[in-house]
Every structure is written in structure tokens, then in C-alpha cells.
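Colleague: The structure that follows is given in the form of C-alpha cells.
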Amino acid sequence: MIIKNLSVRFGGFTAVDDVTLEIPAGGIVGLVGESGSGKSTLARAVTGLVPYTGEIVGADPRRIQMVFQDPYASLDPRMTVGASVAEGLRVPRAARRAEVERLLSLVSLPASLAGRYPRELSGGQRQRVAVARALGARPDLLIADEITSALDVSVQGAVLNLIRSLREELRLSMLFISHNLAVVRYVSDTVAVMHRGALVETGPTEQLVASPTADYTRSLLAAVPRLRPTAP
Amino acid sequence: MRALRSPAPLAGLLLVTGFVALALLGPVLWGQSAARIDDAAILQGHSPSHPFGTDNLGRDLLARVLVATRLSLLLAALSTAISLIVGVPLGVLPSLLPPRGARAAAGVINALVAFPGLLLAMFTAIVAGLGARGAVLGMGLAGAPMLARLTQTLAASVANSDYVSAARVLGVSRRRIALRHVLPNIAEPLLLNVTLILGGSLLGLAGLSFLGLGVQPPDYDWGRLLLEGLNRVYVDPEAALGPAVAIGLAAAGFNLLGEGLAKAASRTASVVRDAAAGEALEQVASQGVLSVRGLSVAFPGGAVPVREVCLDVAPGEIVGIVGESGSGKSLTALAIAGLVPHPGRVTGGVSLCGQDLSALSPRELRRLRGTSLAMMFQDPMTTLNPAMRVGAQLAEVSTTHHGLSRKDALTRAVDRLRRVSIARPRERARQHPHAFSGGMRQRAVIAMGLMGTPRLVIADEPTTALDVTVQRQILCLLREVTDETGAATLFISHDIAVVGELCHRVVVMYAGRVVEELPVEDLVSGAAHPYTRALVASLPDMDTDRSLPLATIPGRQPSPTEDGPGCAFAARCDLATERCAAGRPPLVRYGPERRVACWEAP
Ligand SMILES: Nc1ncnc2c1ncn2[C@@H]1O[C@H](COP(=O)(O)OP(=O)(O)OP(=O)(O)O)[C@@H](O)[C@H]1O
Ligand code: SF4
Ligand SMILES: [Mg+2]
């Protein structure tokens, strides 16, 4: 799948400026950048939530799904987990229950959770429900917009592991958006760096982290807080 | 429903219940005496048998006021129903229609809201024919635009929520989104407002009847009775008093109840501090600026989110508090600053520079917060007033607390803005906070803390909403400020990497308790508590092996209402033994700056 020359303008302001990005089948592309750099707008354009110019080649727009940042805001508080997950299903009514259970087990949640309400779930569980809901639409491409930013580190690890196992099991292509370079580095095959609406650098993860070419990427890497002193 | 325990909403509830009972029973009990014509007692004033007098047919006015309750309330309810039936669908339209239709619908609502309601009501009442039907229709239509506007605002916020976006991405139809997502989520706030609208229609309808545009004889409501009574107000004022009191009380009842419910829903909290504590505070001889002893925060219902926290911070030292969401970090900070929201109860002792904070009066505490305490939150706008220029806000601290003149205070404000590296401070001081970026707002908050001489800086996730590059600048600034002023700094964050870079010492909290304290150098490889070690291991950083799964901590933290006899971490701990489930490990000191609460710790 290729995003070609995609731009988004709000009035006179260009939020996304002529972005071209390839997402290979079964690969995870990480998108990093500061707030306001246009990451989420790009995601919303690709999912059809905001109008854009440019082209998206090689993906059925109905088969692009998105998981949002805040798992507390992205599930309707008045719908059970099962009803939320069933929302995007295109299967006969009779098969729904089984399909919801299958999706929940895919994200390692017990089927008994289907009857519960989001407020009874922890943040990590909610985010898994959101992933299950997106998977229900059998996406070709899954867009994950800051899906671990609202989670605790103790939970973030489990969600990141889930993302990686889904890639292995379902060969799902993914656009993984985060401001956290360490997280992006951990899950992505390719990293794209966005600054002021434009892509400044794209490359295989290890290469980009080890020898960045753009100045902006370098300053971003330098600012990452590190718990362990950098290896000599 | 806790709000109903405070006096105003409770009075509202009692009034409304009373009037509803009256509406049900009134005509049954007093219907006959209200209709009994007595030629011998025409237009009488107050007397023992007729406390409010009689009307021109000799009917008892008190009975008539009581009986009129049913019609008055019924008409108000009908007109509110009309407002709802017209207003709510109109208000939902903008979030239901495609963009062009939505704009048109919003335009219609705007135009209707701008039209004077009472004029519309009177006009409709006259066109529809004098009488109760016209008045109800008129008031109902007059109330519809406001309801439509309210519905529009509520629906728009729901329509912008992530769960509606998610439904749209999943291809759910607009109609289905309105029915399944929007309506259920706006129902509750709408219902709260219905009480207020009921009160309004009651007043409006009484007004119309009073003007002769509403209920016509032989029927009567309060407004009609008021009109008849007012004709003779100079002779028998009590004839008008009955209906006037009834209208006033009923309207007040609905308003009090409505506002109480709305307040309960928005959960506004007032600041209360329980000063019963203090006995636990041992006067520590250490040079600690801040010492906290046995600090607990409890909420009604058995939740104790902070449990017996002890910690000390030395001058110029930055102590980090880490722990997962809900571990009580923020409440600990609020308790130290005396800002725990109602109805939280704080026990235990906090002393700042040897002064016992729990012994201070609320006024002294406010002064202390203004002069010696600087607080930063994740959202700088909790500290900054959006309606005031930044310079004026900073200056206000010094005019209130340091007795500076306005001019001197403003000079100091500009100087402090320069100190926190805000370029062109003089111009910036004249701007409002919205003209500042997120990072600049946090700088302004730090500058505000520097207007006095902060002894203690409490920073609760001040960089969580900022970009890494800006975060780095703010962390450097915090470090400089702490060094320069010698303040004690408490830095709260869920990001251990940030704490690792900034702080001297780290306090780890779990389920409301301190479980470990250690120098920052030992965080990566010298932690003794299994929870600290698991936290560190689960954090991906720039050197994590990408071929291995990340370490995780299965299970979840106990809620603030759960408190077993054992170690709170036992259910998630690899090293747990029977002893861990049976008894809680005490927090023991085992070296300078080192404490741990674990049976298995070395
Ligand atoms: N006003 C309140 N009434 C009742 N419980 C409350 C109140 N405020 C906080 N709590 C509870 O106290 C516990 C600790 O809350 P606190 O905000 O201190 O956590 P935290 O460690 O700061 O978490 P986070 O990392 O998410 O900010 C939570 O379980 C929370 O639900
Ligand atoms: S006391 Fe026991 S359960 Fe608690 S952390 Fe230590 S080993 Fe684990
Ligand atoms: Mg907090």
C-alpha cells in the first residue's frame, strides 16, 4: 500500500504537506514526530475522517481501521464490550457471538468480558477491546495512533507485545504512530520522521536510529530520556 | 446523589416533592371548598376561616391556590414536553446531517436562539387563541431554541469523541450513530436541565396567565389567581400573596434541584482539609525542608488511596515519585499542599521548614501557597487564568502576598519571565496564556512560582503533555531553579526514564504506599523491590532487544478500597511466598537513602 502525495489543508494552514509513504504488506511502519507535526491528521486522512488531496493506492478504504490514543474515550461508555466489538462486524447475526469471542481471544481477553462495560475494565484491557473492534472489520491496514500513550508502562509492554504477535499471526500491515521513539523503535520495521507536516526522513529502524541523516531526527534522538546511560 | 445531602438541593428536592404531592392531592382534598360559592363572604380579606380571603364569588382563596397547583404544574410539564419534542430533534440535526445540511441546521438554531423568547410565546399564544392551549404551545415553542442549542452543544461534544470516530471508521451509518451513540450519551445531562426548564416554564406560564393571555375562567392557575388578587392588592394584599408565594416557591424548588443535580454531575469539588492530624508528626531534627509522616487520604465509602506515606526532601534536592496510574502519587502531592478535594480526609503530618502545615488556618495556608510553594500540573491551564494577561497574573502573586505595588510587581513578573528563558518577556507579559505554546505555559507557571521564594516545588507530570525536545528544556529549567533557590522539589511522573534523568532520589509508590526508596543511580540495577525491578524491565528504551517480547507485569493493582492483610503486590509477584499473603512487609531503612517494603528483599 502506498500513500501518494497526500496533503491536508485546514483553511490556509497545511497540516500534512505532500506526504508519500509506502507501507509494505505485513510490515509495521513507525511514524514519529512532535505534537502538531501532523501525525494524527495523516492518520485521520488515511482513514477518511478528514478530507485530503492525493492518493492512497493499494488499499480498500473500507479495510483501513484505526485504534485511538485514549482507550477511555474511544469506547462508548454506554455499550457493553461485546456490543462495541460487534459494531464493525460484517457477519450474519447468528455468527456474531462466536466472532466476538474469537476477536477477544485474539487480543488475549476472556470471552466473559463481552458483557461488561468499559468502566469495569483497566486501561490496558480497554485498549485491547479497541484493537479487537478494529480487527473485526478484517482490515488490510491497521493504524495505531499513540495507542500506548495513555497507558502505564506496566501495561504498555503487554499491548506492544500484542501488536507484534498480531503482525506475526495475521500478517497485518500497520502504521504505528507515537511520539515515543523507544516504543516506535521496538515495534517498527521502518521508521518515518515527520516535522511540520512533511516527512523529513524514512529508513529501516536500526539504520535510522544508529545513523540518522536529517538534523531534526538527530535532535529528536538526543532528547529521548534514557534510563540507562548510553552504551559506550 | 451525594449532592442531595447539601442544604440547597435538598431543599429543592423537598419543595418539588411537596408540590407534586399537592398537585396529586390538592383537588381531591380541597376541590369542593375551592368551588363553593358563598354570597355572604364576597371579596373578604384575611379571617380565621379564610386565611387568604375570598374572591368575588366568595370562594376560599387558600383552597383555590392549593387546587391550582395541579393545573399549574401540568401546564408547565406539557410546555416542557413541547420544548423537548421540538428542541431535541432540532439540536441533534447538526451532528446527524452531512456537512452542508448541518451548517443550515446550526444556522436555524442560531437564528431561533437570537429571537426573544417571551415575544415568541406571547405571539404564539395570541395566534393560537387565548387560553391554556395557546399559552402552553407558546411557552413550549419559546423554550425549544434554548434546548436545541443545549442539545447541539452536547451532541457536538459526543460527535467529536473518539468512539464516534471509531464507529465512523467502521462504517456505521449516521442514523445509527445518532441513535446508538449520541442520544444515550446526552440523555443524562439533558434530563438534568429539564428540571431547570420546568421551573422556567412554570414562571413563564404564570406570567402569561397574569397578562390575561393564559388560562381563562372558569379554569384557574396560579397566574390567573395572581391577576385576580393583584386587582385588589391595595385593599387585601393577602389575596395576591398566596399565588405569589406558590409560584416563587415552586420555581425556586425546581431551580435548586436542577442546579444541585447539575453540580453533582459535574463533580465540582471544594477544598477541605481535615486538621485533626498532626500528632503523627515527629519533629525531625534533620535538615529536611519537607517532611511527611504517616500521611493518608481517605474518601467516604472506604477508599484509602494514600496510606501512611512518609518521606523527606532536603533543600536543593529533587525527589521523584513513580508508580502506575492510581497508585496515589497525585493525591499525595495534593495532600501535602492542602488541596485534597472534598470530601477527602487527610490524616498524618506534613511539615515545611519546621512548620506544621496541619496547624495552619486556611488563610495562612493560602498565603503559604502563594509565597513558599510552587505547584505545576500536567495541564498548565489549571494554574493559569485564560482571561488574564500573563504578566498581570504573575504580578498578582506579589501584590497580594508580598505587598508590592502594581508597577514593581509587573517589573518583577517581566524579570521572572526572562529568567525562565521566555524571549521578549515584556511583550509576552502583555499576552494572554492562549498565545503561549504548551512549553511556554509551563515556563510561565515556573515563573509564577519564582515570584516568591519557593521552599517547595511540587511538579505533577509537568512534561507529560510536551514534546521530548521541549520536555528536555523544562527539565533543565526545573533543575536550575531547584539549584538556585535551594527549594525542595517533588517531581511526580509515571515515566521512570524522565525521573531517572532529573531526580536525585526516587520514591516508588504502589497501591497508595511507598514500597521503595533509593538513589537514582541504583534504579536500573540496584532496586530491591520486585515491583521496581519489574517496572524498570518493562520499559522499552533505545537499547531494548527487539527480538524478545517485553517484560510485563500481569494482573492489576488493587483498588483503593481493597486492603488485604498481606503485601499488595503479592498477586503479581514472582517471589511471593505464603508469608507475603499473610502479613504486610514494613517499610524498613537499610542504608542511607534506602528503604524497602518486601519480605524477600536482600
Ligand atoms: N476525589 C476523589 N474521590 C475518590 N477517589 C479518588 C479521588 N481522587 C482520586 N481518587 C482515587 O485515588 C487513587 C489515587 O489517585 P491519584 O490521582 O493520586 O493517582 P496517581 O498515582 O496520580 O495516578 P496517575 O498516574 O493516573 O496520575 C485512584 O484510585 C483514584 O481513583
Ligand atoms: S513482600 Fe512478597 S509479594 Fe510483596 S513484593 Fe516482596 S516478595 Fe513480592
Ligand atoms: Mg496523577
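Colleague: Collect the residues in segment B:459-504 that are modelled with pLDDT under 85, of a type in the set (Ser, Thr, Tyr) and more than 16 Å from ligand 3 (Cβ to nearest atom), keeping them in residue-number order.
Modeller: If the condition is that a residue be modelled with pLDDT under 85, of a type in the set (Ser, Thr, Tyr) and more than 16 Å from ligand 3 (Cβ to nearest atom), then B:Thr469 is the only one that fits.
Colleague: Now, a different point. Any idea how many residues of segment B:317-329 are open to solvent by less than 20 Å² (accessible area, probe 1.4 Å) and away from ligand 1 (no atom under 16 Å from the Cβ)? Steps first, answer last, please.
Modeller: Within segment B:317-329, the first condition is being open to solvent by less than 20 Å² (accessible area, probe 1.4 Å), and the residues that meet it are B:318-324, B:327-329.
Checking which are away from ligand 1 (no atom under 16 Å from the Cβ) leaves us with B:318.
Number satisfying all stated conditions: 1.
Colleague: Check every one of the helices (runs of 4 or more DSSP H) wholly within segment B:96-173 and list those with 3 or more residues that are within 30 Å of A:Pro118 (Cβ to Cβ). Write out each step before concluding.
Modeller: On the way: elements: B:99-114, B:117-127, B:132-159, B:162-169.
Those helices (runs of 4 or more DSSP H) span B:132-159, B:162-169.
Colleague: Take segment B:181-197 and flag every residue that is within 30 Å of A:Gly48 (Cα to Cα), open to solvent by 10 Å² or more (accessible area, probe 1.4 Å) and in contact with a helix residue (DSSP H, G or I) (Cβ under 8 Å, 6 or more places away or on another chain).
Modeller: Restricting attention to segment B:181-197, the residues satisfying the condition of being within 30 Å of A:Gly48 (Cα to Cα) are B:181-187.
Within this subset, residues satisfying the condition of being open to solvent by 10 Å² or more (accessible area, probe 1.4 Å) are B:183-185, B:187.
The answer is B:Leu183, B:Asn185.
Colleague: Say we look at segment A:66-75 and pick out the residues that are part of a loop (DSSP other than H, G, I, E, B) and at the interface with chain B (Cβ under 7 Å from one of its Cβ atoms); which of these is farthest from A:His179 (Cα to Cα)?
Modeller: Taking segment A:66-75 first, the residues part of a loop (DSSP other than H, G, I, E, B) are A:68-75.
Filter once more, keeping what is at the interface with chain B (Cβ under 7 Å from one of its Cβ atoms): A:68, A:70, A:73-75.
Numbers: A:Phe68: 14, A:Asp70: 14, A:Ala73: 19, A:Ser74: 19, A:Leu75: 23 Å.
So, considering only residues that are part of a loop (DSSP other than H, G, I, E, B) and at the interface with chain B (Cβ under 7 Å from one of its Cβ atoms), the one farthest from A:His179 (Cα to Cα) is A:Leu75.
Colleague: Name the one entry in B:Gly200, B:Gly212 that is assigned by TED's automatic domain parsing to the domain that holds B:Asn56, open to solvent by 10 Å² or more (accessible area, probe 1.4 Å) and either part of a helix (DSSP H, G or I) or among the hydroxyl-bearing types (Ser, Thr, Tyr) (or both).
Modeller: Details: B:Gly212 fails: either part of a helix (DSSP H, G or I) or among the hydroxyl-bearing types (Ser, Thr, Tyr) (or both).
Being assigned by TED's automatic domain parsing to the domain that holds B:Asn56, open to solvent by 10 Å² or more (accessible area, probe 1.4 Å) and either part of a helix (DSSP H, G or I) or among the hydroxyl-bearing types (Ser, Thr, Tyr) (or both) holds for just one of B:Gly200, B:Gly212, which is B:Gly200.
Colleague: Of the residues in segment B:21-57, how many are closer than 30 Å to B:Ile197 by Cβ, assigned to a helix (DSSP H, G or I) and open to solvent by less than 70 Å² (accessible area, probe 1.4 Å)? Steps first, answer last, please.
Modeller: First pass over segment B:21-57, keeping only residues closer than 30 Å to B:Ile197 by Cβ: B:21-31, B:34, B:52.
Filter once more, keeping what is assigned to a helix (DSSP H, G or I): B:21-31, B:34.
Going one step further and asking which of them are open to solvent by less than 70 Å² (accessible area, probe 1.4 Å), we end up with B:21-23, B:26-27, B:31, B:34.
Of the residues in segment B:21-57, 7 are closer than 30 Å to B:Ile197 by Cβ, assigned to a helix (DSSP H, G or I) and open to solvent by less than 70 Å² (accessible area, probe 1.4 Å).
Colleague: Can you tell me which residues in segment A:140-177 are more than 9 Å from chain B (Cβ to nearest Cβ), surrounded by 24 or more Cβ atoms within 10 Å (Cβ to Cβ) and either touching a Lys or Arg at 6+ places or on another chain (Cβ under 6 Å) or assigned to a loop (DSSP other than H, G, I, E, B) (or both)?
Modeller: Those that are more than 9 Å from chain B (Cβ to nearest Cβ), surrounded by 24 or more Cβ atoms within 10 Å (Cβ to Cβ) and either touching a Lys or Arg at 6+ places or on another chain (Cβ under 6 Å) or assigned to a loop (DSSP other than H, G, I, E, B) (or both): A:Ile147, A:Thr148, A:Ile177.
Colleague: Checking B:Gly328 against (1) within 14 Å of another protein chain (Cβ to nearest Cβ); (2) over 21 Å from the mean Cα position of the chain (by Cα): exactly one of these is not met. Which one?
Modeller: Evaluating B:Gly328 over (1) within 14 Å of another protein chain (Cβ to nearest Cβ); (2) over 21 Å from the mean Cα position of the chain (by Cα) leaves (2) as the failure.
Colleague: Could you please find all residues in segment A:190-211 being within 12 Å of chain B (Cβ to nearest Cβ) and without any contact (Cβ under 8 Å) to a residue 12 or more places away in the chain?
Modeller: Within segment A:190-211, A:Glu206, A:Ala210 meet the criteria.
Colleague: Only residues that are modelled with pLDDT under 80 and loosely packed, with under 15 Cβ neighbours inside 10 Å: list them for segment B:114-129, please.
Modeller: B:Leu118, B:Gly129
Colleague: Looking only at residues in segment B:440-466 that are free of Cβ contacts under 8 Å to residues at least 60 places away in the same chain and open to solvent by less than 10 Å² (accessible area, probe 1.4 Å), which one is farthest from the other protein chains (Cβ to nearest Cβ)? If you could, list the steps in order and put the result at the bottom.
Modeller: Keep residues of segment B:440-466 that are free of Cβ contacts under 8 Å to residues at least 60 places away in the same chain, which gives B:440, B:443, B:447, B:451, B:463, B:466.
Now drop any that are not open to solvent by less than 10 Å² (accessible area, probe 1.4 Å), which leaves B:447, B:451, B:463.
Values: B:Ala447: 22, B:Met451: 29, B:Thr463: 9 Å.
Of everything passing the filter in segment B:440-466, B:Met451 is farthest from the other protein chains (Cβ to nearest Cβ).
Colleague: A:Ala182 - would you say it is within 10 Å of chain B (Cβ to nearest Cβ), of a type in the set (Gly, Ala, Ser), part of a helix (DSSP H, G or I) and closer than 19 Å to A:Arg63 by Cβ? Steps first, please.
Modeller: Working: within 10 Å of chain B (Cβ to nearest Cβ): yes; of a type in the set (Gly, Ala, Ser): yes; part of a helix (DSSP H, G or I): yes; closer than 19 Å to A:Arg63 by Cβ: no.
Against the criterion (within 10 Å of chain B (Cβ to nearest Cβ), of a type in the set (Gly, Ala, Ser), part of a helix (DSSP H, G or I) and closer than 19 Å to A:Arg63 by Cβ), A:Ala182 does not qualify.
Okay, residues lined up against (1) in a strand (DSSP E or B); (2) open to solvent by 40 Å² or more (accessible area, probe 1.4 Å); (3) of a type in the set (S, T, N, Q):
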site	(1), (2), (3)
B:Gly500	no, no, no
B:Val507	yes, no, no
B:Glu521	no, yes, no
B:Val524	no, yes, no
B:Arg533	no, yes, no
B:Pro540	no, no, no
B:Asp545	no, yes, no
B:Leu548	no, yes, no
B:Ile553	no, no, no
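Residue by residue, here is whether (1) within 11 Å of chain B (Cβ to nearest Cβ); (2) modelled with pLDDT of 90 or more; (3) open to solvent by 70 Å² or more (accessible area, probe 1.4 Å); (4) not in a loop (DSSP other than H, G, I, E, B) holds:
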position	(1), (2), (3), (4)
A:Pro77	yes, yes, no, no
A:Arg90	yes, no, yes, no
A:Glu101	no, yes, yes, yes
A:Ala114	no, yes, no, yes
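Colleague: Let me ask another. Which residue pairs have Cβ atoms under 7 Å apart, sit 6 or more places apart or on different chains, and have a first residue in segment B:220-236 that is in contact (Cβ under 8 Å) with a residue 40 or more places away in the chain and a second that is among the acidic types (Asp, Glu)?
Modeller: Matching pairs, first to second residue: B:Glu228/B:Asp55.
The values are calculated or read from the model by the stated rules, or taken from the named source; none is laboratory data. Please read all numbers here as calculations on a predicted model, not as lab measurements. FYI the Cβ positions are ideal-geometry reconstructions off the backbone, even for glycines, and counts take in every protein chain you see. Note: areas computed on protein heavy atoms with side chains; ligands, DNA, RNA excluded. Shrake-Rupley method; radii C 1.70, N 1.55, O 1.52, S 1.80 Å.
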